[in-house]
Amino acid sequence: MGLPLLVQKQPHNPSWKPNDHTRFDNQPATFLNLTVDPKISDLWGFAPPEWQSEVGSVLLVRKDQKDLSREQAWAIAEFMQFKVSDSFEDAMESGDERQRRAAVLKMLNWKQFDDFLEKFKVEMMTADGKSWARVRSPFGTKEDHNG
């Protein structure tokens, strides 16, 4: 999407029991690592194996060292898990391979994310009663993209 993110696994909490897999589940982190590069055909649409199980806690930062709020990180993870992964599912059921990949890549841009973010902010304000009005797109404002 053009947003330089780094997702790094963190050491597991030593108090976690090895057989308590719920502590190690981290689906948002898995979806942040979906392979979206169409040149990597064997993993396209999936996270690499090391991101598919026992992920645990992660650190998520921007590689360009710009700020990334908790709410922005949450929104990006939700976008990848529920919008982009749905695009992969839909694409797998239609057309030839090139058409499928083009359909998914069309989802991966700041405009699609910003549209999602506006709806997500409303959902979150309704769900938790806290204001998300100040949450801005990590891509910058729409004016940044138009000028």
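The values are calculated or read from the model by the stated rules, or taken from the named source; none is laboratory data. All figures in this text were calculated on a predicted structure; none of them were measured in a lab. Every residue, glycine as well, gets a Cβ built from its backbone with ideal geometry; the counts of neighbours run over all protein chains shown. Accessible surface is based on the protein model in full, side chains and every heavy atom, while ligands, DNA and RNA are left aside. Shrake-Rupley method; radii C 1.70, N 1.55, O 1.52, S 1.80 Å.
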Report summary line: Once normalised by the length of the chain, the mean sequence separation of its alpha carbon contacts under 8 Å that are 6 or more apart gives a contact order in percent of 25 percent
Report summary line: Per-residue ellipticity at 222 nm attributable to helices in the chain (runs of n ≥ 4 DSSP H, -39500 (n - 2.57) apiece, nearest 500 deg cm²/dmol) works out to -11500 deg cm²/dmol
Report task. Taking every pair of Cα atoms in the stretch 15-92, average 1/r, invert it to obtain the Kirkwood radius, and report Rg/Rh to two decimals. Result -> 1.01
Query - Close Lys-Lys pairs in the stretch 34-132, where close means Cα under 27 Å and separation is 8 or more or interchain - result: 27
Query - Farthest toward positive dipole pole in the stretch 1-137 [+1 Lys/Arg, -1 Asp/Glu at C-beta], among Gln8, Leu68, Gln81 - result: Leu68
Query raised in the report: When the dipole is taken about the Cα centre of the chain, and only Lys, Arg (+1) and Asp, Glu (-1) are charged at their Cβ, what size is it in debye, to the nearest 20?
Result: 460 debye
Query raised in the report: So which residue, out of Trp51, Trp16, Trp74, gets the largest mean-square fluctuation from a GNM of the chain using Cα contacts under 10 Å as springs?
Result: Trp16
Report summary line: Evaluated at 4 °C and 1.567 mPa s, the Stokes-Einstein D of the stretch 21-65 based on the Kirkwood radius over Cα pairs, in µm²/s, stands at 113 µm²/s
Query - Accessible area per residue, Å², the chain with all protein chains present, probe 1.4 Å - result: 65 Å²
Report task. Starting from the exponent 0.38 and prefactor 2.2 Å, build the expected Rg for the chain from its residue count and divide its actual Cα Rg by it. Result -> 1.13
